[in-house]
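What follows is a set of notes on a single structure, which appears directly below.
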Amino acid sequence: MDIEVHPPVEKKGFSAKRITGLILLILLAGIFFFSGYSKIHSYNAFDNFQWTFIDLGFDSQLVAGILARGMIGLEFMLGLFLLLHIYLEKFTYKAVISILIFFIIYLIFVIIKHGNAGDCGCFGDKLSMSPLNAIIKNVVMIVMTVVLMFIYKVKPYKYQDIMLPPVIVAAMSICFIVNPLDTSNAPVPYKKTLDISPLYSFTPKPAVDLLHGKHIVIFASYYCPHCKKAAYLLQIIHRKHPEFPIYMVLAGAPEQEKQFFDESHAIDIPHLYYPHNDEFTLMAGEGTPAIYWINNGRAEFQSNYYQLDPVYMEKWLKK
């Protein structure tokens, strides 16, 4: 009597394909969680990410802030959707690929504008990555997602419709809770007397007549991290609005100049190196950056870099 031998039946729940898919899924979700966390864990990391939306053409700190928080929330949401297996085939896989393609297009734009130097900001200040490396990373993530579409097909969860609303609300709210939206973007009236004539007491003098007309003047130091941030934002605004009369007065050790411009990309903003410390402090005050909105030699407003809003700048210049 012949005995029919059947090959061992592979248990679906423990198949190599399914385990591989689960590992890829967890890794993909982890990257989204780390990316979102790295952008909101510090104000410095978040600011740089927020200002990319101004660079993309959204001429308002408020709008850029909302979009940045929404994008980070989307990263958390996709991470949760992956982990909780919510609409994987119907929505999540496709959404992951779409957002990664968006990031790739933006990074290509960055490389065209600035080259491959510097940090893309994809992982905040937790992990430095050049724009080209970030593109490669995103392509790898797209490949991972495509592989998941073929090897990790699961039946829709019975309660995913119930889970959907609280997951979306939690993910989209976290950034607004951790980093609340600041709506006070207007510059503050300056009530003291500011004398910028010492700028013209030494050679070289400013190539721009700052004593006549309207100008936004920043006094900054090469070694000051907040000055680099202000200069970074100003170079974005300067590129988007070359008609805005922005001017930088810079102080510090000359050997720090290259690092300042490498980090801020602000070399194209009209500027003057001013090595006269006493006069610089007299004009800038004790802290830098000092940003003044000057009208015919008189400071009408003072602002921090959060108040360098293109909307307010344009309104003031047109008055």
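The values are calculated or read from the model by the stated rules, or taken from the named source; none is laboratory data. What you see is a predicted model, and the numbers here were worked out from it, not measured in a lab. All Cβ positions, even for glycine, are placed from backbone atoms using ideal geometry, and neighbour counts span all protein chains on display.
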May I ask you to say which residue of 312, 292, 273 is out of contact with any Asp or Glu (no Cβ under 8 Å at 6 or more places or on another chain), in contact (Cβ under 8 Å) with a residue 12 or more places away in the chain and closer than 16 Å to residue 219 by Cβ? 292
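Listed here are the residues, each with its yes/no results for (1) in a helix (DSSP H, G or I); (2) outside the structural domain of residue 311 (by TED's automatic domain parsing); (3) modelled with pLDDT of 95 or more; (4) more than 28 Å from the chain's Cα centre (by Cα).
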{"residue": "244", "(1), (2), (3), (4)": "no, no, yes, no"}
{"residue": "262", "(1), (2), (3), (4)": "yes, no, no, no"}
{"residue": "282", "(1), (2), (3), (4)": "yes, no, no, yes"}
{"residue": "286", "(1), (2), (3), (4)": "no, no, no, yes"}
{"residue": "293", "(1), (2), (3), (4)": "no, no, yes, no"}
Within segment 155-177, does at least one residue satisfy the condition of being assigned to a loop (DSSP other than H, G, I, E, B), aliphatic (A, V, I, L, M) and in the same structural domain as residue 66 (by TED's automatic domain parsing)? no
Given the options 207, 220, name the one that is in contact (Cβ under 8 Å) with a residue 40 or more places away in the chain and out of contact with any strand residue (DSSP E or B) (no Cβ under 7 Å at 6 or more places or on another chain). 207
Out of (1) touching an Asp or Glu at 6+ places or on another chain (Cβ under 7 Å); (2) free of Cβ contacts under 8 Å to residues at least 40 places away in the same chain, what's the single condition that is false for residue 177? (1)
Of all residues making up segment 51-71, the number that are more than 18 Å from residue 230 (Cβ to Cβ), in a helix (DSSP H, G or I) and of a type outside the set (Gly, Ala, Ser): 6
List, please: which pairs have Cβ atoms under 8 Å, are six or more places apart or on different chains, and start with a residue in segment 154-165 that is closer than 12 Å to residue 87 by Cβ and end with one that is of a type in the set (Phe, Trp, Tyr) and surrounded by 10 or more Cβ atoms within 10 Å (Cβ to Cβ)? 156/87; 160/87; 163/157; 164/87
Would you pick out the residues in segment 204-231 that are surrounded by 18 or more Cβ atoms within 10 Å (Cβ to Cβ), out of contact with any Pro (no Cβ under 7 Å at 6 or more places or on another chain) and assigned to a helix (DSSP H, G or I)? 228, 229, 231
